[in-house]
Amino acid sequence: MKAAGVLALIGCLVTSTESKVYTRCKLAKIFSRAGLDNYAGFSLGNWICMAYYESGYNTTAQTTLDDGSVDYGIFQINSFTWCRYEKVQEKNHCHVACSALITDDLTDAIICAKKIIKETQGMNYWQRWKKHCEGRDLSEWKKGCEVS
Ligand SMILES: *[C@@H]1O[C@H](CO)[C@@H](O)[C@H](O)[C@H]1NC(C)=O
């Protein structure tokens with residue numbers, strides 16, 4: 001009885017730390033520190049806008065596509081080309097486990113996003129960015145946030 005209670009409590013703690021939805025400004029700060037502002041010419045607003053439309057800032061967001069591949073994390077990075085899903089060795093261009101792209105620590109996701117930008121030449125990879133963010137005034141996205 002007692003052990004079950006403790007286990008249930010641990011279960012709650014684990015699940016509550018696993019799913020994290022960042023606030024816009026917290027994300028702006030993390031992105032800025034990671035050098036995303038103007039990375040490959042894309043201002044901070046592009047990144048915040050893209051993450052919003054791709055994942056709603058939810059680090060654990062996962063979407064299974066029709067072809068069976070899965071989009072992972074805050075940037076919805078796809079398993080077919082960019083990360084390693086379980087034992088299946090696919091292209092894995094980012095040399096990272098897909099599970100590393102759905103943690104609170106955004107380091108791996110950011111490194112992978114930078115790689116996508118370089119390899120695909122721009123942010124066109126993110127279709128929701130194209131639809132909702134490209135070519136717009138994105139200064140509002142970092143408004144009120146303490147970023148330089
Ligand atoms: C974040 O994404 C996970 C996985 O899709 C989902 O279970 C969770 O409810 C989402 N959190 C929020 C606050 O939307």
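With angles folded into 0 to 90 degrees, how steeply does helix 107-120 sit against the dominant principal axis of the chain? Use alpha carbons for both and round to 10. Roughly 40 degrees between the two axes.
Computed over the chain, the range of Cα coordinates on each principal axis works out to 59, 40, 25 Å, biggest value leading.
Just how large is the dipole of the chain about the Cα centre, in debye to the nearest 20, putting +1 at every Lys and Arg Cβ and -1 at every Asp and Glu Cβ? Rounded to the nearest 20 debye, it is 280 debye.
Legend: residue pairs Lys20/Lys142; Lys29/Lys118; Lys29/Lys91; Lys29/Lys130, Cα-Cα distance threshold 26 Å; pairs beyond threshold, Lys29/Lys91. Of all DSSP beta bridges located in the chain, what percent are antiparallel, nearest 5? Counting only bridges with both partners in the chain, antiparallel ones make up about 90 percent.
FYI, it's all coordinate maths here, none of it is from the lab. From a predicted model like this one, the values you see are computed outputs, not experimental measurements. Ideal geometry is used to build each Cβ from the backbone, glycine not excepted, and the neighbour counts take in all protein chains shown.
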